[in-house]
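The values are calculated or read from the model by the stated rules, or taken from the named source; none is laboratory data. Just so it is clear, the model here is predicted, and its values are computed rather than measured. As a convention, Cβ positions derive from the backbone with ideal geometry for all residues, glycine included, and neighbour counts pool all protein chains shown. Protein only, heavy atoms only, side chains kept; ligands, DNA and RNA dropped before computing areas. Shrake-Rupley method; radii C 1.70, N 1.55, O 1.52, S 1.80 Å.
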Amino acid sequence: MKVREIMTPDPEVERIDSRISEAIHRMRESDIEQLPVLDGKNYVGMITYRDILRRRSVHMDAKVEGYIVKTPVLSPEDDVLHAVDVLRDSGLPALPVVDKHELVGIVSRTDIMKHIGEVMPADRVRVLDLMATDPVTVTEKDDVSIAAERIRQLEESEIPVVSSKDGRLVGILRMDEIAANTVLRDKQRMGKGDYAGVKEKVEISCGSLMDNPVSVSQNDTVAKACALMVGNRLHILPVVDGSGLVVGIIGVSDVIDAIDTKKEKEGLTLEVSGLSSGDQDLYDATYFLVGKAAQRLLKMAHRNSGVLKIHVQRYESGGRVKYSLRTRLVSGPINITVNDYGWDYARCLSHILEVYEGRLEKLRER
């Protein structure tokens, strides 16, 4: 299957000298989360809701040029599995399709999801096999600023909303709704507080912006999960038990990562999220510890390549920082999640790597 068969032709675009407020309005009006940017007829990069949300503050008269993300490009004649590889490596939600230097289309992860049955046996894979445990949620009473911060850390597009009374799923809060209520307008903050010429802050609850809940169970197929995500324009789905409690999350990235493109890259690929540019010491500890364990983990898995994902969250308590690490190791048919938390980041990660070794040893003994 070729990229031209699944791409969206003649996509919405933005000009490099447009205002960011115009781009945000266009994305909301068109119900899209990314826009290719053109300088004349030439493609120069992409702007996305996700990156705008990460900024925390946005001057609405700023030019689009300052928000551009440089991206790889695809050709209409590229194979779809190649597109999956490039999307996966870039970490972007969508990529431009360029022919003779001109933009002719765009391919998103959602486009891949629409054709999931043609690139993997999604009707034979269960949600349980791909979902992430230890889900991150907000309550309907939480302020949207809390949801915005958690979405920034998770690098996702939505977050489940649960009841503050019993923890059951009550809705899903979308990134575009948060962005529309947390960006700055002429230095007047919306979201946690809308100053709008007065000093009093106006809080906005997650419950006031959330959509109705959509979910799957652990035993549903990945094909069903993909259909629900596409049909409801979602990038994540809460996984609930029989009583409606959220026990996991399955997302577009989980499905994309599970597609076998027949192109193995030797070695262990490390993906880290939740850390900022100021966390150099934590990055250093991560690279050091994973670097020491990488070859050993792959050898125990009897694989030449794999991906280790690490998501970090931090919590302030008594003037100290506590870390929560959610990790996943994917190598061929092996898909394992291990989580841990504690005051000492390096000790938590070391323990996680030891647990992976123990679980791989048990798999090898079977």
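Restricting attention to the range 64-105, which residues are among the acidic types (Asp, Glu) and outside any strand (DSSP E or B)?
Taking the range 64-105 first, the residues among the acidic types (Asp, Glu) are 65, 77-79, 85, 89, 99, 102.
Those that are among the acidic types (Asp, Glu) and outside any strand (DSSP E or B): Glu65, Glu77, Asp78, Asp85, Asp89.
Please indicate, with yes or no, whether at least one residue in the range 307-323 is among the small types (Gly, Ala, Ser) and within 22 Å of Ala132 (Cβ to Cβ). Steps first, answer last, please.
Within the range 307-323, the first condition is being among the small types (Gly, Ala, Ser), and the residues that meet it are 317-319.
From the residues that got through so far, the ones that are within 22 Å of Ala132 (Cβ to Cβ) too are none.
For the range 307-323, residues among the small types (Gly, Ala, Ser) and within 22 Å of Ala132 (Cβ to Cβ): absent.
Of the residues in the range 339-354, how many are over 14 Å from Val290 (Cβ atoms) and open to solvent by 40 Å² or more (accessible area, probe 1.4 Å)?
In the first step, residues of the range 339-354 are kept if they are over 14 Å from Val290 (Cβ atoms); the result is 339-344, 347.
Going one step further and asking which of them are open to solvent by 40 Å² or more (accessible area, probe 1.4 Å), we end up with 339, 341, 343-344, 347.
Of the residues in the range 339-354, 5 are over 14 Å from Val290 (Cβ atoms) and open to solvent by 40 Å² or more (accessible area, probe 1.4 Å).
Could you give me the residue pairs with C-beta distances under 6 Å whose first residue belongs to the range 153-172 and is open to solvent by 10 Å² or more (accessible area, probe 1.4 Å), whose second residue is charged (D, E, K, R) wherever it lies, and which are 6+ apart or on separate chains?
Close Cβ pairs (under 6 Å, with a partner that is charged (D, E, K, R)) amount to Ser164/Lys141; Val170/Glu140.
Restricting to the range 284-304, what's the tally of residues that are under 17 Å from Leu363 (Cβ atoms) and open to solvent by less than 40 Å² (accessible area, probe 1.4 Å)?
5
If we scan the range 97-109, do we find a residue that is free of Cβ contacts under 8 Å to residues at least 40 places away in the same chain, under 24 Å from Glu158 (Cβ atoms) and of a type in the set (D, E, K, R)?
Step one: of the range 97-109, the residues free of Cβ contacts under 8 Å to residues at least 40 places away in the same chain are 99-100.
Narrowing the set further to residues that are under 24 Å from Glu158 (Cβ atoms) leaves none.
Checked against the condition, which is being free of Cβ contacts under 8 Å to residues at least 40 places away in the same chain, under 24 Å from Glu158 (Cβ atoms) and of a type in the set (D, E, K, R), the range 97-109 yields no hits at all.
Hey, among the residues in the range 13-62 that are crowded, with 21+ Cβ neighbours inside 10 Å, in contact with a Leu (Cβ under 9 Å, 6 or more places away or on another chain) and among the β-branched types (Val, Ile, Thr), which one's modelled with the highest pLDDT?
Ile47
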